[in-house]
């Protein structure tokens, strides 16, 4: 019986999307690479590309990116015309729409599993026909393996695994924020797979702080993706330029020639990337963002740090019927993406109405779902009184940290558009402020009880 089918019934676009996902999604490629066959594709050049990917994976244990595939094509395909067609095909695969990537992966994996099961059934029929009863155990194993096709590795490991690495002082390999005092409290900054949240009312400085973090990460050689929803890209660019030149944003245009020289010096000395990405507000999902990151990785830009300004503008993959559940699911998807792709994640979220007038913004003043706070490894808040706004100052607090110390408040930090200076030597413990708050609450309860007793006495 014939057991080989092709993807042709799903169309050319599907096959392009499938090859795109095999190249850009390393987890997916690991799951499917051993079971996908070149004969499943109906296009001659799709077959050649698939074969190159499989051979490369066999040798290096990971899939090649698009640039590597183009180089392989130039070196291995002798026919000039064929080489050109393959390179053009790779370009189309790279640029194909990645909408519905999860559907493509699921459909392809189901197809491959069906093919593996058909192979097993073919083998089973032969065993039965030949009366090779001693091979039934082999048959059982083959069926089990076929059913496990596409099952991805979980994150389990033996507790004694890689102890030498675990016991190193720098086992986390953190990426610092660029604010020495806070980095010290966070034991060097955030590590890959961890996420930080900047919490502040509207217009207080979330974007400025995230830009500071992005700028420092780039300056120490990291590849950075800074995504934003509301700001004009030129505003973000000017903030970065201010951080490099130490020239106030209001003076950049007047000192244009001086600025250009200093920025060119930065450009000439750095080989890594700082990518600014304007995202569509209230329409983009975390899955779409993840596919964008994967595409960059496939193009040879291994993103180290991603910043999303801000998380409240990302929509859930599906309607959960509850706004709080949806917000929590988006934050968890962000954490999962950072863990899966081995990236440091930073984002921001709005404070509620009470945060506007607070001297120190706390985690319970986070707008929307508290689940966002539960997911974050670190939460840093920014508050500005009217007086502080006039003086270009702010109060910054570490309100939560799974990594190091929290409950720390830094008062009167210089916070003027792109200019940000934090005196980390001048701080107060946040816990002390909370104690005062609790004492006030106890006094209030005492007063209410006394009033109740007096009322009861008067009524008798």
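The values are calculated or read from the model by the stated rules, or taken from the named source; none is laboratory data. This structure is a prediction, so every number in the text was calculated from the model and none was measured. Neighbour counts run over all protein chains shown; Cβ positions are idealised from the backbone, glycine included.
Here are the numbers:
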{"quantity": "Residue 67 vs. criteria in the same structural domain as residue 117 (by TED's automatic domain parsing), over 25 Å from residue 119 (Cα atoms) and part of a helix (DSSP H, G or I)", "calculated": "yes"}
{"quantity": "The lone exception for residue 301 - which of (1) under 15 Å from the mean Cα position of the chain (by Cα); (2) part of a loop (DSSP other than H, G, I, E, B); (3) buried (at least 20 other Cβ atoms within 10 Å of the Cβ) it fails", "calculated": "(3)"}
{"quantity": "Criterion: assigned by TED's automatic domain parsing to the domain that holds residue 33, in contact with a helix residue (DSSP H, G or I) (Cβ under 6 Å, 6 or more places away or on another chain) and not in a helix (DSSP H, G or I) - qualifying residue of 98, 93", "calculated": "98"}
{"quantity": "Hey, residue 125 at pLDDT 80 or above, loosely packed, with under 15 Cβ neighbours inside 10 Å and not in a loop (DSSP other than H, G, I, E, B) or not", "calculated": "no"}
{"quantity": "Members of the stretch 251-273 that are outside any helix (DSSP H, G or I) and touching a helix residue (DSSP H, G or I) at 6+ places or on another chain (Cβ under 6 Å)", "calculated": "252"}
{"quantity": "Subset tally (residues that are assigned to a helix (DSSP H, G or I) and in contact with a helix residue (DSSP H, G or I) (Cβ under 9 Å, 6 or more places away or on another chain)) for the stretch 274-292", "calculated": "6"}
{"quantity": "Residues of the stretch 7-32 that turn out to be under 17 Å from residue 294 (Cα atoms) and outside any helix (DSSP H, G or I), as a count", "calculated": "1"}
{"quantity": "Flag for residue 116 being more than 25 Å from residue 289 (Cα to Cα), in contact (Cβ under 8 Å) with a residue 60 or more places away in the chain, in a helix (DSSP H, G or I) and in the same structural domain as residue 69 (by TED's automatic domain parsing)", "calculated": "yes"}
{"quantity": "Matching helices (runs of 4 or more DSSP H) fully within the stretch 138-230 where at least 1 residues are in the same structural domain as residue 398 (by TED's automatic domain parsing), in contact with a helix residue (DSSP H, G or I) (Cβ under 9 Å, 6 or more places away or on another chain) and at pLDDT 65 or above", "calculated": "206-219"}
{"quantity": "Residues (surrounded by fewer than 14 Cβ atoms within 10 Å (Cβ to Cβ) and either closer than 29 Å to residue 237 by Cα or at pLDDT 85 or above (or both)) located in the stretch 392-439", "calculated": "392, 402, 414, 421, 423"}
